Amino acid sequence: MNQTSSKTKEEKKLKWWQLSLLGVAGTIGTGYYLGSGLAISTGGPAVLLAYILAAVGTYVVFDALARMTAQHPEQGSFRSYAKKAFGSWAGFGSGWMYWFSELLIMGSQLTALSIFSRFWFPAVPMWVFAAGFGAVSLLIVFFGNKGFDRVENVLAIIKVAAILMFLVIAAALLAGWIGGGKYAPKLPLSYSALFPAGGLGLWSAFIFAFYAYGGIEVIGIMSYRLQKPDDAPKAGKVMLLALAAVYVLSIGLAVTMVPFKAFNSKESPFVLALSSDNLAFVPHLFNGVLIIAGFSTMTASLYAITSMMITLAQEGDAPRLFSKKWKDKYPFFALCLISAGLVGAIMMSLLLPGKVYEYITTAAGLMILYNWSFILLSSGRLLKPSKLSGIKRWTGLLLIGIAVTGTLFHALSRPGFYISLLILSLIALSDWIVQRVKKKHAAVSAGHKPPEDKEMNEHETLPGGPEFRITGIRLRKSKL
């Protein structure tokens, strides 16, 4: 028993730099490997500025969450803070926004994995690959593979190694050490080269830059494992500096090596940049790494929304059925609901094979930003007010607002905006219904008994209040 408890304590202790590394490895996924191509084709090479500004906005959100975690450790993290700051309706809304954002992220990643797979098998429909990857991921979570944590660590190393491989090979191609490149390198220095889509194009691409940083709220949750909780903001700062440096350097190399018109949402910009007659195997190798990286982040998202669904059900913010486990071990009912959502994403890839990635990615990015807004607003109520924290909070909200409104100015991102509004409306309606039901139950518990419970009227004025009356009802029922 003592060994177990001591082992748990050891597992919980992390140094700040370890949390930074976990954040870098856990955040990098298809939003970077494929979504960056969508960002470049929408906003042009100037999208590098959007990635820098998105890093600033992301840091503000992480900093707020980390400081709330350090001062008020809560199991529900951002959801608990929203509830504490604004009431139970906010906890419900925050939890479900996170659930839907992760579900949409999974749909986006399934689509990305299908696109990567079609690099080798262009004749196979996207929905076939999406169904296959989704089924494997569901099986892993269903059986609760204990070794998956270790596998995730290995996959994280592969992801980082892929970026380093790209940087080294791209530098060799630019230096002329490796010949046979598909495109002639050219620095985009003129205004027309940097802003081929104009200012509105850059504005519209902002959402995809933010999407590449999605996942930092999970690192905020993990900050309670730090040896020194006060180091959480420093860990976040180093993590985001590293991510911003990797994104700007790698995307900068890509836009130098590939002409703007060649970028598209169906090919990774890094695979395009590494195309060379002398390195025919490299794009295939890199594509395989992208599939591994995308699958790892998708399965991690599946773990996250399964846990969130169980928590929501346990706390009465979702039907109790979804908190139950088949044979007290397998989250069968929660996974059934998630599977329905994934089937919807797969059907979209079947019906809209040319546009589905853009639509789902935009909607996923927006749902992330809506939840981040809740985190910032909650921090304004729960943290000690200061001029600096106020400036940071409003700067973050301003950057989020710019990214959200930018989706209205591009034909490919606009449908994603409407999808996110539809989901928000469903959450708001469900929230209103749940709060009314909870108020009714609270009224009954507070002494507004059903008419048939006349025998208990004699206890109405007895000391002990509502708790005494509830106990009395339970005792009477147990005697019966």
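Numbers at a glance
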read-out: Accessible-area order (highest first, 1.4 angstrom probe) of the listed residues K438, K237; value: K237, K438
read-out: Extreme residue, positive dipole direction of the range 210-313, given options G288, F260, Y303 (C-beta unit charges); value: Y303
read-out: E315 - accessible surface, heavy atoms, 1.4 Å probe, Å² rounded to 10; value: 90 Å²
read-out: Dipole magnitude (debye, nearest 20) for the range 61-210, charges at Cβ of Lys, Arg, Asp, Glu; value: 80 debye
read-out: Residue-span extension gain [S190 to W120] - 0.36 nm each, minus C-alpha spacing; value: 21.5 nm
read-out: Prolate/oblate/rounded label for the range 319-392 (Cα gyration tensor, a/c 1.5); value: oblate
read-out: Filter on K84/K324; K15/K237; K186/K355 - keep pairs with C-alpha separation over 20 Å; value: K84/K324; K186/K355
read-out: Distance between modelled label sites at K261 and I292, nm, 7 Å Cα→Cβ extension; value: 3.7 nm
read-out: Zone residues, the range 314-345, relative to S430, backbone N less than 17 Å from point 7 Å out along Cα-to-Cβ; value: 314-324, 333-345
read-out: Segment K355-Q314, length gained on full extension (0.36 nm per residue, minus Cα span); value: 11.0 nm
read-out: Bins of 5 Å from zero: percent of alpha-carbon pairs in the range 112-214; value: 2, 8, 8, 11, 17, 20, 15, 9, 6, 3, 1
read-out: For V343, solvent-accessible area (1.4 Å; no DNA, RNA or ligand), Å²; value: 80 Å²
read-out: q = 0.15, 0.16, 0.18 Å⁻¹: log10 I(q)/I(0) that the Debye formula gives for the range 351-449, counting C-alpha atoms only; value: -0.79, -0.83, -0.92
read-out: For G181, residues with placed amide H under 5 Å, excluding near neighbours; value: D277
read-out: Calculated FRET value between A442 and K384, using beta carbons and R₀ = 56 Å, to 0.05; value: 0.95
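The values are calculated or read from the model by the stated rules, or taken from the named source; none is laboratory data. All figures in this text were calculated on a predicted structure; none of them were measured in a lab. Note: ideal-geometry Cβ built from the backbone for every residue, glycine included; neighbour counts use all protein chains shown. Side chains are part of the model used for accessible areas, which takes the heavy atoms of the whole protein and leaves out ligands, DNA and RNA. Shrake-Rupley method; radii C 1.70, N 1.55, O 1.52, S 1.80 Å.
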